[in-house]
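Please read the structure below before turning to the comments.
The values are calculated or read from the model by the stated rules, or taken from the named source; none is laboratory data. If you're wondering where the values come from, they're calculated on a predicted model, not measured in any experiment. Quick reminder, even Gly has a Cβ in these numbers, built from the backbone with ideal geometry, and neighbours come from all protein chains shown.
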Amino acid sequence: MADTYTPPVYGTGLKATIQRIGGHLAGMIMPNIGAFIAWGLITALFIPTGWLPNASLAALVGPIITTLLPVLIGYTGGRMVHGQRGAVVGAVATMGVVVGATIPMFLGAMVIGPLAAYLLKLVDRFTEQRTRAGFEMLVDNFTAGIVGGAMALLGVWGIGPIVKVVTEAAGSGVEWLVGHSLLPLASVLIEPAKVLFLNNAINHGVLGPLGVAEAVQHGKSILFMLESNPGPGLGLLLAYLFFGPRALRPSTPAAMIIHFFGGIHEIYFPYVLMKPRLIIAVIAGGAAGVFTFMITGAGLVATPSPGSIFAYLAVTPKGGWFGVAAGILLATAASFAVASLLLGFGRGEKDQDEAAPDETAPEDRTEPAAQEAS
């Protein structure tokens, strides 16, 4: 399934290992991108700050991102490892990390889903030669239930505390950088934390309170813009649109609309996870945006929620349009440039297109002979 989105990886070096991991992440995330888009549309439309606020329909937002999407990812990851049995066990195990944490556990699902399926695969190898005829279904059901239940318990007791530690460490690191006036370097922590779906914890738990205190004194704060800038994500999606794998390009226009106009940044996180090296692109975009905000004296009067261009315009103080627009634009350009470079400007896709006719040529040459023989 991963090969659908990334070319086959050969070799055993560090680069090959990272590429192989990215391919597996793509195999778990990208088949479910339609569910991400559906969630993004519902969120952008119906949350209190959305286009069509509706409390009853907005109730869908939380369960989808905290439960449905992680379970889908765990199900898909388990299926990649051990077929349908692995998919079921992966979904059950994922419920453990969903219950054991208070944030969307996408990363936890990508770990525990395939792991649970792999353990079941080992158990099946052990039991298949030791199970008497007629007891196969009974043994299979019980082994799947035991492995799935055990991994769910591990998710509750193990993943939650780890996620809490990571969240607190990221928040402390960002707060230290802010306190020492190293704002552009904050992107080195903020952007990876965002991709791990810790964006709300960083923004509302650390940057928001600090920004409010600064806005009270100065009427605006740059801290509201460190995490919420839509530029880095937009640049990344543009690079995917022009130079990414051809199977993914049709999904990027909808993702860009949801991200830039709807303010749902989570929509671009899977695109980074499928090719982890692209984290460099969003870090570069974030740092470029923060630096531009600093030199132009830009700031917002409140947290833009969600982080869309419309929310930015709504909380921009009078006379501050240039700095805000310049920061978003340069962040987009920097992210696009670096992501395009890391994607090889589409050279890999062109090479595959050029190789395709050679691969089909032998079959085309044999068709006339086959017709004469018949």
*Give the residues of the range 43-75 that are more than 20 Å from residue 153 (Cα to Cα), buried (at least 22 other Cβ atoms within 10 Å of the Cβ) and either polar (S, T, N, Q) or modelled with pLDDT of 90 or more (or both), sorted by residue number.*
43
_Name the residue that is farthest from the chain's Cα centre (by Cα), counting only residues in the range 234-256 that are surrounded by fewer than 24 Cβ atoms within 10 Å (Cβ to Cβ) and not in a helix (DSSP H, G or I)._
246
*Just one of 73, 112 is under 29 Å from residue 304 (Cβ atoms) and in contact (Cβ under 8 Å) with a residue 12 or more places away in the chain; which is it?*
73
*Would the range 334-346 turn up any residue that is closer than 26 Å to residue 45 by Cβ, of a type outside the set (Gly, Ala, Ser) and touching a residue at least 12 places away in the same chain (Cβ under 8 Å)?*
no
*Looking only at the range 135-160, and only at residues there that are in contact (Cβ under 8 Å) with a residue 60 or more places away in the chain and among the small types (Gly, Ala, Ser), the one that is farthest from residue 122 (Cα to Cα)*: 160
*asked:* If I ask for residues that are modelled with pLDDT under 85 and either assigned to a helix (DSSP H, G or I) or touching a helix residue (DSSP H, G or I) at 6+ places or on another chain (Cβ under 9 Å) (or both), which ones from the range 179-188 would you list?
replied: 179, 182, 183
*Tell me which of these residue 287 doesn't satisfy, since it passes every other one: (1) part of a helix (DSSP H, G or I); (2) buried (at least 23 other Cβ atoms within 10 Å of the Cβ).*
(2)
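Going through 297, 231 one at a time, which residue ends up being touching a residue at least 24 places away in the same chain (Cβ under 8 Å), surrounded by 22 or more Cβ atoms within 10 Å (Cβ to Cβ) and not basic (Lys, Arg)?
Details: 297 fails: surrounded by 22 or more Cβ atoms within 10 Å (Cβ to Cβ).
Going through 297, 231 in turn, the sole match is 231.
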*Is it the case that the range 93-111 has a residue that's closer than 28 Å to residue 195 by Cα, of a type in the set (A, V, I, L, M, F, W, C) and touching a His at 6+ places or on another chain (Cβ under 9 Å)?*
yes
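Can you give me the number of residues within the range 74-115 that are assigned to a loop (DSSP other than H, G, I, E, B) and out of contact with any helix residue (DSSP H, G or I) (no Cβ under 7 Å at 6 or more places or on another chain)?
Adding up the residues that qualify gives 1.
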_Take the residues in the range 198-213 that are modelled with pLDDT under 80 and not hydrophobic (A, V, I, L, M, F, W, C); name whichever of them is surrounded by the most Cβ atoms within 10 Å (Cβ to Cβ)._
203
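Residue-by-condition table, conditions (1) crowded, with 24+ Cβ neighbours inside 10 Å; (2) more than 18 Å from the chain's Cα centre (by Cα); (3) modelled with pLDDT under 95:
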residue: 81; (1), (2), (3): no, yes, yes
residue: 99; (1), (2), (3): no, yes, yes
residue: 102; (1), (2), (3): no, no, yes
residue: 105; (1), (2), (3): yes, no, yes
_Residue in the range 289-304 that is nearest to residue 188 (Cα to Cα), counting only those that are among the polar types (S, T, N, Q) and under 28 Å from the mean Cα position of the chain (by Cα)_ = 292
